[in-house]
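Since the structure comes first, as structure tokens, the remarks are kept for the end.
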Amino acid sequence: MKPGTLYLIPSNLSEPFLPAQILPATVIATAIRLNHYIAENAKAARAFLKGIGVVRPLLEISILELNDRTPKHALNDMIAPLVAGHDVGLVSEAGAPGVADPGAVIVAIAHQRGIPVVPLVGPSSILLGLMASGLNGQTFAFHGYLAQDKTARAAAIIALEKESRQRNMTQLFIETPYRNEALFADLIKVLAPSTQLCLARDLTGNRENVQTMSVGEWRKHMPALEKLPTLFLFLAESTRPRVTR
């Protein structure tokens with residue numbers, strides 16, 4: 001039997017905008033027709049489906065949760081509709097599934113089983129933030145969450161800044177919104193004054209704000225980050241010799 005296709009369906013990043021206001025019509029059309037979903041959070045998935053205009057009862061749509069608490073033996077149940085020939089949608093709680101998201105494990109299993117995987121167009125905070133930062137978009141790395149322990153986090157920031165300086169590499173990472181202030185304080189304390197630091201806040205939301213300044217400038221203008229979803233990016237002044245002609 002020919003397997004179904006696993007569609008990777010992005011969702012909106014921020015409120016109050018609905019997915020239908022963010023996603024292309026072709027993505028919405030694909031998402032609406034699916035009867036099987038794998039989601040990081042079932043409640044958020046139902047809100048997503050309602051937001052894209054699904055009119056049939058949501059109880060008719062199978063939604064299986066995949067998150068940090070999902071036991072390994074449950075993965076077979078999640079892949080079963082695909083093996084049986086049904087198309088399945090993978091949707092994250094926000095943004096692109098499979099990127100800083102537990103859904104990546106299902107994508108890996110799909111590849112192992114020879115199941116087609118189709119990524120669909122939609123918002124990714126990583127790319128949107130990088131695009132708007134003005135930092136190096138040719139060489140960059142996303143590190144997810146840094147350590148919560150202050151000593152370990154400071155050591156990680158120092159190591160990332162050294163790598164950024166040596167490789168002219170933009171470093172990207174995120175934090176739980178209520179820890180934004182603590183992370184920002186560590187960044188401007190540890191990073192060199194010349195390092196360029198970008199805060200990309202509430203991307204695609206009605207309070208969106210992207211600002212890049214040197215760490216030295218940030219120290220003069222301390223922002224109120226509040227509890228908004230924030231992507232942090234920095235680029236250290238390169239030690240590479242400049243080529244002259």
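Each value in this text was obtained by applying a stated rule to the coordinates, not by laboratory testing. Given the structure is predicted, the values throughout are model-derived calculations rather than measurements. Here the Cβ is made from the backbone with ideal geometry for all residues, glycine too, and neighbour counts use every protein chain on show.
The mean sequence separation of alpha-carbon pairs under 8 Å and at least six residues apart, normalised by the residue count of the chain, gives a relative contact order of 22 percent.
Using a simple spin-label model with points 7 Å from Cα along the Cα→Cβ vector, what separation in nm is obtained for Glu208 and Gln138? Placing both labels 7 Å beyond Cα along the Cβ direction yields 2.7 nm. Note on Lys2: aspartates and glutamates with a C-alpha under 20 Å away, same-chain residues under 8 apart excluded, are Asp77, Asp87.
Annotation: the antiparallel percentage among DSSP beta bridges lying fully within the chain is about 50. In a GNM of the chain with a 10 Å cut-off on Cα contacts, which of Phe48, Phe173, Phe232 has the highest mean-square fluctuation? Highest fluctuation among the options: Phe173. Checked against a 26 Å cut-off, the cross-linked pairs Lys43/Lys72; Lys43/Lys150; Lys150/Lys220; Lys150/Lys227 give Cα-Cα distances beyond that limit for Lys43/Lys150.
Angle between the Cα long axis of helix 180-190 and the longest principal axis of the chain, 0 to 90 degrees, nearest 10? So the helix axis and the longest Cα principal axis differ by about 40 degrees. Inter-part distance, the range 175-245 to the range 20-53, computed on C-alpha centroids, equals 33 Å. Positive contributions from Lys and Arg (+1) and negative ones from Asp and Glu (-1), summed over other residues with Cβ under 10 Å from the Cβ of Ala154, come out at +1. How far, in degrees from 0 to 90, does helix 42-51 lean away from the longest principal axis of the Cα atoms of the chain, to the nearest 10? Result, in degrees: 80.
Comparing His143, Gly122, Val105 along the charge dipole axis of the range 99-167, the residue lying farthest to the positive side is His143, per the Cβ-charge model. For the range 18-68, compute Rh as the Kirkwood radius over C-alpha pairs and then the Stokes-Einstein diffusion coefficient at 4 °C and 1.567 mPa s; write the answer in µm²/s, rounded to an integer. Reported coefficient: 116 µm²/s. Seen from every direction in turn and averaged, the convex hull around the alpha carbons of the chain projects onto 16.2 nm². Placing pseudo-labels 7 Å out from each Cα toward the beta carbon at Gln21 and His86 gives an inter-label distance of 3.3 nm.
The local environment of Pro81, defined by Cβ-Cβ distances under 15 Å, has a net charge of -1 under the rule Lys, Arg +1 and Asp, Glu -1. Here, P(r) means the percent of Cα pairs in each 10 Å bin from 0 to the largest distance; for the range 6-119 it is 14, 52, 30, 4. Diffusion coefficient (Stokes-Einstein, Kirkwood radius over C-alpha pairs, 25 °C, 0.890 mPa s) for the range 125-235: 179 µm²/s, rounded to a whole number. Report the net charge of residues surrounding Glu208, where surrounding means a beta-carbon distance below 10 angstrom and charges are Lys +1, Arg +1, Asp -1, Glu -1. Around Glu208, the charge tally is +1.
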